[in-house]
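Right, one structure below, let's go through it.
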Amino acid sequence: MPDEKNFFAGLFDFSFHHQLARRIVKLLYILAILFGGITVVAYVVLGYQQSPAQGLIALVVGIVFLFVGILVSRVLLELVLVILRISEGIDRATHPGT
């Protein structure tokens, strides 16, 4: 990358010369985990309000879906980073010396 800008300057870079995805991928992963956890807790609480059996089912199914959701979000975020690395490699190969 050419000169590194701070986060907010990169956020308002309308020419899209600076990639922001590498900086926010950690934040997106944390948000996915938090959102998944909050969703599971909400479903478990709502399930226990219906009946204890439904609450236990919501707990078990929710934990399984939480782990699968975390896995899928991690894979998708890594895929984004790989595509960015491929893009940078192609850019370096087609524009040597810049």
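Structure notes:
- Count Lys and Arg as plus one, Asp and Glu as minus one, and take only other residues whose Cβ is under 12 Å from that of residue 33; the net charge is then +2.
- Residue order by solvent-accessible surface for 48, 43 is 43, 48, largest first, with ligands and nucleic acids left out and a 1.4 Å probe.
- Estimated FRET transfer efficiency (residue 12, residue 71; beta-carbon r; R0 35 Å; 0.05): 0.55
- Distance in nm between pseudo-label sites at residue 41 and residue 84 (7 Å out along the Cβ direction from Cα): 2.9 nm
The values are calculated or read from the model by the stated rules, or taken from the named source; none is laboratory data. It should be emphasised that the depicted structure is a prediction, and the values quoted were computed from it without experimental measurement. For neighbour counting, all protein chains shown are included, and Cβ atoms are generated from backbone atoms with ideal geometry for every residue, glycine included. These area figures cover heavy atoms from the full protein model, side chains too; ligands, DNA and RNA do not enter into them. Shrake-Rupley method; radii C 1.70, N 1.55, O 1.52, S 1.80 Å.
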